[in-house]
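What follows is a single structure, written as structure tokens, with notes after it.
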Amino acid sequence: MQLSFSKKLARGYKNASQRARVLTEQWVHDFVFCPNCGYLQLDKYPNNHPVADFFCSSCKEDYELKSKNGVVGKKILDGAYHTKCKRLKSNTIPNLFVLDYDMQSYSVFNFFIIPKHFFTMDIIEKRKPLAKTARRPGWVGSNILLHQIPFSGRIFLVQQGEVKSRAGVLTEWNKTLFLREERKIYAKGWLLDIMRCIDKMGKSKFTLNDIYKFENELSVLYPNNKHIRDKIRQQLQILRNKGYLDFISRGYYRIA
């Protein structure tokens with residue numbers, strides 16, 4: 001995988017944002033494989049396609065690209081809030097590619113994917129309506145909150161200039177595909193919240209008592225649930241059955 005953009009291609013564009021869009025989209029088309037099936041090249045949808053930017057002709061997965069000159073922060077600017085909510089409810093949201101780059105050196109720094117099964121309303125933030133003097137007065141945009149996504153929901157193909165192996169990317173992708181099986185928003189929310197709690201512990205092995213420390217935090221998120229510890233154990237059992245966790249011994253777990 002080449003980690004630089006085509007300077008030759010950039011010569012035809014004076015507008016910085018247009019140049020960035022053309023260069024980043026061409027790079028994805030030329031060098032990025034499908035993280036779902038491993039097919040070696042993605043096809044590009046026509047410009048302004050309403051659903052996504054790229055698709056895999058082999059497995060039919062859709063991908064949207066968000067890119068930034070510089071380091072991506074805790075939030076990613078996204079499109080219309082109400083459109084995003086509608087697509088989440090109808091399960092038509094694409095997987096998201098996130099690319100940060102340095103336009104001075106025409107080089108890629110980080111490139112990762114957020115699989116669509118990690119998208120819930122918890123990670124979508126509603127922005128303030130645009131002012132009356134704006135071109136689209138009253139328009140309401142959205143942000144994607146990266147810190148609300150479990151670590152396993154950010155699969156790097158390039159990290160700090162290092163290209164990850166295709167086999168490793170496919171393994172990481174397959175590790176969380178079980179989330180697609182859960183159609184109920186409430187049930188998926190519980191699984192994702194437990195995964196986030198595991199991330200916060202910052203260790204690969206943990207005990208049941210370790211994760212019980214998040215009981216109060218989870219009680220705030222689920223005020224109608226009066227049996228938080230029972231629910232925690234249930235979710236750990238599901239994550240173990242799906243291969244996300246390994247059961248070491250009674251009360252002891254390990255991230256698989």
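The values are calculated or read from the model by the stated rules, or taken from the named source; none is laboratory data. Predicted model, so just to flag it, every value in this text is computed and none were measured. Neighbour counts run over all protein chains shown; Cβ positions are idealised from the backbone, glycine included. When the accessible area is computed, the model is the full protein with side chains, heavy atoms only, and any ligands, DNA or RNA have been set aside. Shrake-Rupley method; radii C 1.70, N 1.55, O 1.52, S 1.80 Å.
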Practice task
Using +1 at the Cβ of each Lys and Arg and -1 at the Cβ of each Asp and Glu in the chain, identify which of Gln41, Gln234, Asn174 lies farthest towards the dipole's positive end.
Solution key: Gln234
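Take the Cα radius of gyration of the chain and divide it by 2.2 N^0.38 Å, with N its residue count; two decimals is plenty. Provide the component values of the computation, followed by the final result.
On the way: Rg = 19.9 Å, N = 256, 2.2 N^0.38 = 18.1 Å.
That works out to 1.10 for the chain.
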Practice task
Round to a whole angstrom and tell me the spacing of the C-alpha centers of region 101-171 and region 24-64.
Solution key: 16
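Considering only Cα-Cα distances, which of the following residue pairs are longer than 26 Å: Lys164/Lys200; Lys14/Lys126; Lys126/Lys184; Lys7/Lys175; Lys84/Lys184?
Details: Lys164/Lys200 24 Å; Lys14/Lys126 33 Å; Lys126/Lys184 23 Å; Lys7/Lys175 37 Å; Lys84/Lys184 18 Å.
From Lys164/Lys200; Lys14/Lys126; Lys126/Lys184; Lys7/Lys175; Lys84/Lys184, over 26 Å: Lys14/Lys126; Lys7/Lys175.
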Exercise for the section: Working with all protein chains in place, sort His49, His147 by solvent-accessible area computed with a 1.4 Å probe, largest first. Expected result: His147, His49
Handout entry: Rough spin-label spacing in nm, given labels placed 7 Å along Cα→Cβ, for Ser6 and Asn216
Key = 5.7
Practice task
Using just the helices of the chain, give the 222 nm mean residue ellipticity in deg cm²/dmol: DSSP H runs with n ≥ 4 each add -39,500 (n - 2.57), and the total is spread over all residues, rounded to 500.
Solution key: -9500 deg cm²/dmol
Practice task
Let me know the charge dipole size of region 152-256 about its Cα centre in debye, to the nearest 20, where only the beta-carbon of Lys, Arg (+1) and Asp, Glu (-1) is charged.
Solution key: 180
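Would you work out the charge dipole size for region 132-194 about its Cα centre, treating the Cβ of every Lys and Arg as +1 and the Cβ of every Asp and Glu as -1, and quote it to the nearest 20 debye? Could the numbers behind the result be given before it?
Values: 11 positive and 5 negative charges, 83 e Å.
That gives region 132-194 a dipole magnitude of about 400 debye.
For Arg166 and His227, calculate 0.36 nm times their separation in residues minus their Cα-Cα distance, and state this gained length in nm to one decimal.
Gain in length upon complete extension: 17.8 nm.
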Completion exercise
Applied in sequence order to region 114-130, the curve 6.51 cos²θ - 1.76 cosθ + 1.60 (Karplus, θ = phi - 60°) yields integer Hz couplings, x standing for Gly and Pro, of 9, x, 4, 6, 9, 7, 9, 5, 4, 9, 10, 10, 7, 8, 5, x, 5
Problem - For region 207-216, 3J(HN,Hα) per residue [Karplus equation, 6.51 cos²θ - 1.76 cosθ + 1.60, θ = phi - 60°, Hz, x = Gly/Pro] - result: 10, 4, 5, 4, 7, 4, 5, 9, 4, 5
Problem - Percent accessible area from carbon and sulfur atoms, region 215-256, protein chains only, probe 1.4 Å - result: 46
Practice task
Give the angle, between 0 and 90 degrees and rounded to the nearest 10, that separates the Cα long axis of helix 16-31 from the longest principal axis of the Cα atoms of the chain.
Solution key: 70
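Sort the following peptides by mean Cβ neighbour count (other Cβ atoms within 10 Å, averaged over residues), highest first: 6-13, 220-227.
Numbers: 6-13: 11.5, 220-227: 9.8.
Ranked from most to least packed, the peptides come out as 6-13, 220-227.
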Practice task
Using a cut-off of 9 Å between beta-carbons, work out the net charge of the residues near Glu25 (Lys and Arg +1, Asp and Glu -1, Glu25 not included).
Solution key: +1
Practice task
Convert 4 °C to kelvin, take the viscosity as 1.567 mPa s, use the Kirkwood radius over C-alpha pairs of region 1-73 as Rh, and evaluate the Stokes-Einstein diffusion coefficient in µm²/s, rounded to a whole number.
Solution key: 98
Fill in the blank from the handout: Total charge of the residues flanking Val108 in space, meaning their Cβ is under 10 Å from its Cβ, with Lys and Arg +1 and Asp and Glu -1, is -2
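Restricting to Cα pairs below 8 Å that are 6+ residues apart, what does the relative contact order work out to for the chain? Please round to a whole percent.
Numbers: 375 pairs, mean separation 34.0, N = 256.
About 13 percent, as a whole number.
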Completion exercise
Per GNM of the chain with C-alpha springs under 10 angstrom, the most fluctuating residue out of Phe109, Phe55, Phe178 is Phe178
Problem - Point-to-point label distance, Asp102-Lys75, nm (Cα→Cβ direction, 7 Å offset) - result: 2.7
Fill in the blank from the handout: When the charge dipole of the chain is computed with +1 on Lys and Arg Cβ and -1 on Asp and Glu Cβ about the Cα centre, the Cα farthest towards its positive end, among Asn110, Val72, Ser204, belongs to Val72
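Which value, in debye to the nearest 20, gives the size of the charge dipole of the chain about its Cα centre, when Lys and Arg are +1 and Asp and Glu are -1 at the Cβ? Please list the in-between numbers first.
On the way: 44 positive and 23 negative charges, 136 e Å.
Dipole of the chain, to the nearest 20 debye: 660 debye.
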Completion exercise
Counting only residues 5 or more apart in sequence or on a different chain, those whose built amide H sits under 5 Å from that of Val32 are Leu42
Completion exercise
HN-Hα couplings for region 171-183 via Karplus (6.51, -1.76, 1.60; θ = phi - 60°), in whole Hz with x for Gly/Pro, come out as 5, 5, 5, 5, 4, 10, 4, 4, 5, 5, 6, 8, 8
